[in-house]
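Quick notes on the structure that follows.
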Amino acid sequence: MSSRSQTSLHHVLIVGAGAGLSASIARRFHAEGVKISLAARNTDKLEGLVSETGAEVYRCDASKPDQVEVLFANLDKSKGGAPDVVVYNPSFRVRGSITELDPEDVHRTLMVTAYGGFLVARQAATRMSNAGRGVIIFTGASASIKGYAMSAPFAMGKFALRGLAQSMARELQAKGVHVAHVNIDGGIRSEARPERHDAPGKPDSMLDPDAIADTYWQLANQHRSAWTQETELRPWLENF
């Protein structure tokens with residue numbers, strides 16, 4: 001029996017959609033017959049992915065409460081209705097010495113990476129709790145558990161997002177809502193960020209976005225008796 005006939009998922013919303021990991025997740029769920037909705041501040045970049053997956057596209061800045069409310073209200077009225085799975089993928093990164101960082105850039109990092117996660121999760125959790133089912137997946141990074149030099153704002157945002165996921169999981173799992181945090185501990189291969197020809201262990205020195213998407217699909221279909229709250233994905237040759 002195919003996985004298409006086994007899954008109970010009908011609709012996934014990917015927030016912060018783009019040409020990288022989000023696109024791989026969209027293709028993976030689409031291959032299983034799941035309706036795709038994509039939300040992003042810049043939707044012009046999604047034309048190719050829409051052609052591939054038949055996705056519905058919504059313009060939304062996840063750090064703005066009013067825009068997130070409108071996004072979910074529009075989803076409620078769409079043919080797909082409220083999503084069964086919500087993936088939170090946006091992040092904003094600024095680098096620099098702690099003594100030289102622009103406070104406005106730090107604020108933007110926290111609003112996009114962490115506060116936006118709260119806003120989206122709040123809307124999703126309201127609907128999923130009422131339905132007694134649903135899946136919310138947060139995309140983390142190495143910075144979720146390790147604060148690197150010259151990267152304090154990103155660590156602050158990702159630490160906060162991880163804490164949000166942990167708290168939500170403990171609150172919502174009894175209501176039938178699966179909350180998971182994926183720590184992507186390494187660089188993700190893309191056209192804009194290909195592996196170096198001299199990279200040790202090539203082609204495994206960076207994570208394959210399609211392989212990551214397989215994990216998201218597996219998380220979304222886990223039995224509630226054995227839910228994963230957090231998982232770490234990293235290339236086998238990482239030494240940190």
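The values are calculated or read from the model by the stated rules, or taken from the named source; none is laboratory data. Remember, it's a predicted structure, so these values are computed and weren't measured experimentally. We place every Cβ from the backbone using ideal geometry, glycine too, and count neighbours over all the protein chains shown.
Residues of segment 80-103 that are part of a loop (DSSP other than H, G, I, E, B), more than 23 Å from the chain's Cα centre (by Cα) and surrounded by fewer than 14 Cβ atoms within 10 Å (Cβ to Cβ): Ser97, Ile98, Thr99, Glu100, Asp102.
Could you tell me whether segment 138-148 includes any residue that is touching a Ser or Thr at 6+ places or on another chain (Cβ under 7 Å) and crowded, with 16+ Cβ neighbours inside 10 Å? Scanning segment 138-148 turns up at least one residue that is touching a Ser or Thr at 6+ places or on another chain (Cβ under 7 Å) and crowded, with 16+ Cβ neighbours inside 10 Å.
Within segment 24-60, the set of residues being among the charged types (D, E, K, R) and surrounded by 19 or more Cβ atoms within 10 Å (Cβ to Cβ) comprises Arg28, Lys35. Pairs are defined by a Cβ separation below 7 Å, a sequence spacing of at least 6 or placement on different chains, a first member in segment 163-191 that is over 17 Å from Arg127 (Cβ atoms) and among the basic types (Lys, Arg), and a second member that is at pLDDT below 95 and not in a loop (DSSP other than H, G, I, E, B); the pairs so defined are Arg189/Leu207; Arg189/Pro209.
Which condition from (1) more than 29 Å from His30 (Cα to Cα); (2) out of contact with any strand residue (DSSP E or B) (no Cβ under 9 Å at 6 or more places or on another chain); (3) surrounded by fewer than 17 Cβ atoms within 10 Å (Cβ to Cβ) is the one that Thr126 breaks? It fails just one condition, (1).
Table: residues versus (1) among the aromatic types (Phe, Trp, Tyr); (2) at pLDDT below 95; (3) in contact with a Cys (Cβ under 9 Å, 6 or more places away or on another chain); (4) within 24 Å of Ser8 (Cβ to Cβ).
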| site | (1), (2), (3), (4) |
| --- | --- |
| Phe154 | yes, no, no, no |
| Ala160 | no, no, no, no |
| Val177 | no, no, no, yes |
| Ser190 | no, yes, no, no |
| Pro200 | no, yes, no, no |
| Asp214 | no, no, no, yes |
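Restrict the check to segment 67-75 and report whether at least one residue is over 27 Å from Gln166 (Cβ atoms), out of contact with any Lys or Arg (no Cβ under 8 Å at 6 or more places or on another chain), aliphatic (A, V, I, L, M) and surrounded by 14 or more Cβ atoms within 10 Å (Cβ to Cβ). Yes, segment 67-75 contains a residue that is over 27 Å from Gln166 (Cβ atoms), out of contact with any Lys or Arg (no Cβ under 8 Å at 6 or more places or on another chain), aliphatic (A, V, I, L, M) and surrounded by 14 or more Cβ atoms within 10 Å (Cβ to Cβ).
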